[in-house]
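J.: Sharing a structure here in C-alpha cells format.
Values in this text are rule-based calculations from the coordinates and carry no lab data. Bear in mind that the values here come from a model prediction, so they are computed numbers and not experimental data. Virtual Cβ from ideal backbone geometry, glycine too; neighbours counted across all protein chains shown.
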Amino acid sequence: MTKAELINMVAKEARISKASAEKAINSLCGNVAKCLKRKDKITLTGFGTFMVAKRRARTGRNPQTGAPINIKASSVPKFKAGKLLKNMVR
C-alpha cells in the first residue's frame, strides 16, 4: 500500500477530505519521528510500540571483496507489534 492509498482509505473511512487525511497522516508520521529523535518510546495500546534501539559497533564484510570493514554503533527505529495487531494478522 502506498501513502496515497492510505490517505484515500483514511479519508473514506473517517468521512473527511483527502487533504485533512493527508495532514493527519503527515502529522502522525512527523510526531513519531520527533519522539524517536528524542529517544522517547511511543505506545499505541493494541497496535504496538515505536522505540529506538542501539546497535553496537561490529565488524562486517565487504560483499564485493570479502575484506573486513568496521561498522559504527548506531541508533535505529524499532517497532514491536502489540497483541491485538498480532492476532489480527494471524
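J.: Per-residue counts of other Cβ atoms within 10 Å, averaged by peptide: what ranking do you get for 79-86, 66-73, highest first?
T.: Values: 79-86: 13.2, 66-73: 8.9.
Ranked from most to least packed, the peptides come out as 79-86, 66-73.
J.: Enumerate the amide H contacts of GLY46 below 5 Å, restricted to partners 5 or more residues apart or on another chain; note that Pro and chain-start residues carry no placed amide H.
T.: Residues meeting the criterion, in which the H sits 1.01 Å from N, are LYS83, LEU84.
J.: Follow-up question, since we're still on this one. For the pair ARG15 and CYS29, how long in nm is the line joining their label points, each one 7 Å along Cα→Cβ?
T.: A separation of 2.7 nm, rounded to one decimal place.
J.: Out of these labelled values of Cα Rg over 2.2 N^0.38 Å, (i) 1.51; (ii) 1.85; (iii) 1.10, which was calculated from the coordinates shown here?
T.: Of the listed options (i) 1.51; (ii) 1.85; (iii) 1.10, (i) comes from this structure.
J.: 7 Å from Cα along Cα→Cβ at both MET88 and ALA57: what's the point-to-point distance in nm?
T.: Label at MET88, label at ALA57, 4.2 nm between them.
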